Amino acid sequence: MTRRLAELTWPEVAAAVAAGATTVILPLGATEQHGPHLPLGTDTIRAVALADRVAARLPMALIAPTLPVGCSDEHAGFPGLLSLDAATLAGVIVDCARRMVTWGVRRLVVLSAHGGNATALVLAAERLRDELPALTLWLPTALLELDATVLAVAASEAITPTQLGLHAGEGETSEVLALCPALVRREAAEAGYCGEFAAILPTLRTLGLQAVTPNGVLGDPTVADAARGARYLDAYATALAEELNAL
Ligand SMILES: [Zn+2]
């Protein structure tokens, strides 16, 4: 049976929870530029795919609908942007969690496919600890470790961290090629900023991407590959599920 809440009926949810499905995965996406070659919903597409892959590796978990708008103001200046204030996104997460506990959810896994949501996640975690102490919140905090999983796949296929990229580079482009190839404008793909990422992080935080990359890309999407994209998703989902299953 599907694990997706939006595809289940209420008696099916009741039966699943009674059988032990008390973990809900809430995927967070975004609507923001992803270079001249990827759709604005790239993070939403990736969040849906990641949630499906993580859920498939857990004994019992339900998947909430993916939130398609996140905190993306670092992409200001690029057309198409939709964004929430961090407090708004935190409020949405807390409000949904409050309803989940009424029908038996005990653990909430928030899977964010977008780095800009970090502040909102911290806010949501603080509020949930105070307001819903019976609910266990799990955020993939070991992001560096998990990124290492993806980096390892890249390294094994001669893709450098700079090509893999932080945004709309080889990594995300390979993943969307694996998931929705018709949405990738390969002919428009071009390298963006390909220098040291650590050097530009302060600028990204204060001035946004437009200050460092006119085309919106951090990385090199021209070397993307669909099969590798599937391997990134599987490696990342496996690492997340291993952590979750170990709790
Ligand atoms: Zn993205």
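Leaving ligands, DNA and RNA out of it, report the carbon-plus-sulfur percent of the accessible area of segment 5-245 at a 1.4 Å probe.
Carbon and sulfur: 60 percent of the exposed surface of segment 5-245.
When only Cα pairs under 8 Å and 6 or more residues apart are kept, what is the percent relative contact order across the chain?
Rounded, it is 24 percent for the chain.
Take each complete run of DSSP H in the chain, measure how far its Cα atoms stretch along the helix's own axis, and keep only those covering 24 Å or more with mean Kyte-Doolittle hydropathy at least -0.5; list them.
Taking the DSSP H segments of the chain (at least 24 Å long, mean hydropathy at least -0.5), we get 86-102, 226-245.
If you count, for each residue, the other Cβ atoms within 10 Å and average over each peptide, how do 38-44, 238-244 line up from highest to lowest?
In descending order of packing, they fall as 38-44, 238-244.
Let me make sure I get this right: for segment 76-138, a, b and c are the square roots of the gyration tensor eigenvalues over alpha carbons, sorted descending. Under 1.5 in a/c it's rounded, otherwise prolate if a/b > b/c, else oblate. Which is it?
Note, shape of segment 76-138 comes out prolate.
Have a look at the chain and give its Rg and Dmax from the Cα atoms, expressed in angstrom.
Considering the chain through its Cα atoms, Rg and Dmax are 18.0, 53 Å.
If I take every Cα pair under 8 Å that is 6 or more residues apart in segment 1-65, average their sequence separation and divide by the length, what percent do I get for the relative contact order?
Normalised by residue count, the contact order of segment 1-65 is 46 percent.
Residue separation times 0.36 nm, minus the C-alpha to C-alpha distance between Ala182 and Val101: what's the value?
This chain segment gains 25.3 nm when fully extended.
Per residue, how much accessible area does the chain show when a 1.4 Å probe rolls over the protein heavy atoms, in square angstrom?
Roughly 45 Å² per residue, with all protein chains present.
Near Arg98, within a Cβ-to-Cβ distance under 13 Å, what is the net charge of the other residues, with Lys and Arg +1 and Asp and Glu -1?
That works out to -1.
Using a Gaussian network model of the chain with C-alpha springs under 10 Å, which one of Leu164, Leu108, Leu135 is most mobile by mean-square fluctuation?
Leu135
With the crude spin-label approximation of a point 7 Å out along Cα→Cβ, what separation in nm comes out for Leu207 versus Thr136?
4.5 nm
The values are calculated or read from the model by the stated rules, or taken from the named source; none is laboratory data. These numbers were taken from a predicted model, which means no experiment stands behind them. Using ideal geometry, Cβ is built from the backbone for each residue, glycine included, and neighbour counts are taken over all protein chains shown. The area values use the complete protein model at the heavy-atom level, side chains included, leaving out ligands, DNA and RNA. Shrake-Rupley method; radii C 1.70, N 1.55, O 1.52, S 1.80 Å.
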